[in-house]
Amino acid sequence: MQINVSQQLKAPIGLRRSYEVSEIINIAGGSNMVQGKVGLMRTHRGILVKGALHTEVEVTCSRCLSLFSRPLALNIEEEYFPIIDVSSGAPLSLPEEPGCFTIDEHHILDLTEAMRQYMLLAIPMKPLCREDCAGLCPSCGHNLNEGPCNCLPQGTESRSSGLSKLTLTSNVSVK
Ligand SMILES: [Zn+2]
Ligand SMILES: [Zn+2]
């Protein structure tokens, strides 16, 4: 989402504008609709963006490997710095913060990269489709959320029988 902030950069410090966000963000091969509101406030150095956004991402359960949708709340707060002076066009020096967000020479403030970064941070490292996800059977790979499989409950025995079945199948397929 791109916002032309040339008028706001000429406005006095403290002036606020708000915008509705409805934007598709592509991360990790998926398209995600991000919606909500952002407020832009003129600061002495640039524009402070505060957003309360929400989206849904498709993630893989770390236990049963099924895909499921998970809502994410994105509370964005970032200051954007203009690279040129809006009145004179003279280049401005940026703060020495690594990866700070900038407003380009056409006075465009682009929210997309910030939304993408906040989404990546909000996705849990080990998502679970539900708190009590039963996971997969270690022998046959059956999704135990869909009910029990036919494997024996004793760990080692069932594992070795599963392995010999696997070897047999691969021998057959070679011939
Ligand atoms: Zn699961
Ligand atoms: Zn099983």
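Of these, MET115, MET119, MET33, MET125, which one is within 13 Å of the chain's Cα centre (by Cα) and within 16 Å of ligand 1 (Cβ to nearest atom)? Show your work before the answer.
Details: MET115 fails: within 16 Å of ligand 1 (Cβ to nearest atom); MET119 fails: within 16 Å of ligand 1 (Cβ to nearest atom); MET33 fails: within 16 Å of ligand 1 (Cβ to nearest atom).
So the residue among MET115, MET119, MET33, MET125 that is within 13 Å of the chain's Cα centre (by Cα) and within 16 Å of ligand 1 (Cβ to nearest atom) is MET125.
Of all residues in segment 124-173, which are assigned to a helix (DSSP H, G or I) and either under 16 Å from PHE68 (Cα atoms) or at pLDDT 95 or above (or both)? Even if it seems obvious, please write down each step before you answer.
Step one: filter segment 124-173 for residues assigned to a helix (DSSP H, G or I), giving 144-146, 155-173.
If the condition is that a residue be assigned to a helix (DSSP H, G or I) and either under 16 Å from PHE68 (Cα atoms) or at pLDDT 95 or above (or both), then LEU144, ASN145, GLU146 are the ones that fit.
Where in segment 1-115 are the strands (runs of 3 or more DSSP E), entirely inside, with at least 3 residues that are exposed (fewer than 13 other Cβ atoms within 10 Å of the Cβ)? Walk me through how you get there before you give the answer.
Values: elements: 2-4, 16-27, 30-42, 47-60, 67-82, 101-103, 108-110.
Correct list: 16-27, 30-42, 67-82.
Specify the residue that is surrounded by the fewest Cβ atoms within 10 Å (Cβ to Cβ); the eligible residues are those in segment 116-151 that are polar (S, T, N, Q) and within 11 Å of ligand 2 (Cβ to nearest atom). Can you show your working first?
So in segment 116-151, the residues polar (S, T, N, Q) come out as 117, 139, 143, 145, 150.
Of the ones still in play, those that are also within 11 Å of ligand 2 (Cβ to nearest atom) are 139, 143, 150.
Numbers: SER139: 20, ASN143: 18, ASN150: 9.
For segment 116-151, the residue satisfying everything is ASN150.
If we scan segment 81-89, do we find a residue that is more than 16 Å from ligand 2 (Cβ to nearest atom), under 26 Å from LEU121 (Cα atoms) and at pLDDT below 95?
Step one: filter segment 81-89 for residues more than 16 Å from ligand 2 (Cβ to nearest atom), giving 81-89.
Still in the running and under 26 Å from LEU121 (Cα atoms): 81-82.
If we keep only those that are at pLDDT below 95 as well, we get none.
Checking segment 81-89: not a single residue is more than 16 Å from ligand 2 (Cβ to nearest atom), under 26 Å from LEU121 (Cα atoms) and at pLDDT below 95.
The values are calculated or read from the model by the stated rules, or taken from the named source; none is laboratory data. Model, not experiment: these values are computed from the prediction. Note that we place each Cβ from the backbone using ideal geometry, even for glycine, and neighbour counts take in every protein chain shown.
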